[in-house]
Amino acid sequence: MFRLCIFLLAILGLWPRMVCAAPQEELLSRSQLLELYGDPQQALSPAEAEELLLKLTNHEREQAGLGRLMPLELAGYMARRHAADMARQGYSAHFDTEGLNPVERYNRLGGTDYVQENLILLEIEWPLGLTERLVRSFQREWLDSPEHLRTMLSPQATHFGCAFELVDDNGIWRMAAVSEFVSEHGDYGRLPQQLRCGERLVLSGQLRPGTEPGYIGVGLQDSPRPLSIAELNAVAPYYILPQESYQLAIDRELSGELPRPPGAALDPEAAAGTFHLELEIPADWAGRTAYFYIFAWPEGDGELRCVACQAVVMNI
């Protein structure tokens, strides 16, 4: 009999939450493993496995009446980096060893759009291969989880990137799979990774035709810190990106429920879907990370959705 351990994690909803079920441990026979994960000698190439997972994902979205996702190289690169780090270092978390969550990781790579993430880590005393059965098995695990399915069926998602990483750690085989769901609905100026209090932040953007502007939200939370492998594996069962503390309407017909950031100047042209925000960083933001969310109505969607997010560390 062979011991199997599966870790499932997902980021959810408008305010992403990470959900981590307790590791699922089972004892399986050789025939059961071949049925689940296939013959390692019949492995797919990484490109074939990624193409298959995108095909399976788009099938589920079409069944739900949602648009197909297009492949995005930046999202694939982000997925490859995180899958490799998890498999090689032996952890399962949406954070990395620098303590960065998916939004922060995507920003570091130059991305400005909103990103959501599903991932899974399989550990087993059995020589795995990147087979079609294994890809389909991972997809079934995600489909059976309401949280993962919700991420997969995110209405605002437009693009996709995924990756698989296999490591043999002295007879313990680890396969990590990561999927990134990106919402591309506009073009936005890239914010710096760090600013000092008193410095001026400038954020400009242009929403795509058909996307109706909503508002800019700002949320604050403590800045990330490096995490050990033990800390990553003991991470809390969920996390929440910070709720908004401030709001600035791009559409002048919207009335914000929260105050504007002190000293903020927003010049929106709602009809054209453009905006230009200037903000002097308040002193009481020091030592925190500010998340700048863009909310809009994507074309054909009657709900206000987060379509972009950038995080900036505020220094003293």
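The values are calculated or read from the model by the stated rules, or taken from the named source; none is laboratory data. Worth saying up front: this structure is predicted, and the values here are computed from it rather than measured. Please note: Cβ atoms are built from the backbone with ideal geometry, for glycine as well, and neighbour counts cover all protein chains shown. Ligands, DNA and RNA are stripped out before the accessible areas are found, and what is left, the full protein with its side chains, is counted by its heavy atoms. Shrake-Rupley method; radii C 1.70, N 1.55, O 1.52, S 1.80 Å.
Tabulated data for the structure shown
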read-out: Top-ranked residue of region 126-141 - restricted to ones that are basic (K, R) and in contact (Cβ under 8 Å) with a residue 12 or more places away in the chain, ranked as least open to solvent (accessible area, probe 1.4 Å); value: R136
read-out: Matching residues, region 146-165, being within 27 Å of S45 (Cβ to Cβ) and not in a helix (DSSP H, G or I); value: A157, T158, H159, F160, G161, C162, A163, F164, E165
read-out: Matching residues, region 116-145, being in contact with a Lys or Arg (Cβ under 6 Å, 6 or more places away or on another chain) and part of a loop (DSSP other than H, G, I, E, B); value: E125
read-out: R252 vs. criteria open to solvent by 70 Å² or more (accessible area, probe 1.4 Å), in contact with a helix residue (DSSP H, G or I) (Cβ under 8 Å, 6 or more places away or on another chain) and not aromatic (F, W, Y); value: yes
read-out: Residue within region 180-194 that is in contact with a strand residue (DSSP E or B) (Cβ under 7 Å, 6 or more places away or on another chain), surrounded by 14 or more Cβ atoms within 10 Å (Cβ to Cβ) and at pLDDT below 95 present; value: no
read-out: Subset of region 264-312 [in contact with a helix residue (DSSP H, G or I) (Cβ under 7 Å, 6 or more places away or on another chain) and of a type in the set (A, V, I, L, M, F, W, C)]; value: C309, A311
read-out: Filter pass, Y114 being surrounded by 23 or more Cβ atoms within 10 Å (Cβ to Cβ) and not small (G, A, S); value: yes
read-out: Residue tally, condition assigned to a loop (DSSP other than H, G, I, E, B) and open to solvent by less than 90 Å² (accessible area, probe 1.4 Å), over region 61-86; value: 6
read-out: Residue count for region 269-285, restricted to those that are in contact (Cβ under 8 Å) with a residue 24 or more places away in the chain, open to solvent by 50 Å² or more (accessible area, probe 1.4 Å) and assigned to a strand (DSSP E or B); value: 3
read-out: Test: residue in region 286-294 that is surrounded by 20 or more Cβ atoms within 10 Å (Cβ to Cβ), touching a Leu at 6+ places or on another chain (Cβ under 7 Å) and closer than 22 Å to T158 by Cα; value: yes
read-out: Selected residue (only one of G300, G263 is farther than 28 Å from P224 by Cα and at pLDDT below 95); value: G300
read-out: Residue satisfying condition, being within 24 Å of T112 (Cβ to Cβ) and touching a Cys at 6+ places or on another chain (Cβ under 6 Å), within set S204, S179; value: S179
read-out: Hits in region 37-59 (condition: open to solvent by 50 Å² or more (accessible area, probe 1.4 Å) and assigned to a helix (DSSP H, G or I)); value: Q41, Q42, P46, A47, E48, E51, K55, H59
read-out: All positions within region 87-107 that are within 14 Å of the chain's Cα centre (by Cα) and either of a type in the set (A, V, I, L, M) or assigned to a helix (DSSP H, G or I) (or both); value: A93, L100, P102, V103, E104, R105, Y106, N107
read-out: Residue among L232, L266, L227, L248 that alone is of a type in the set (A, V, I, L, M, F, W, C) and assigned to a loop (DSSP other than H, G, I, E, B); value: L227
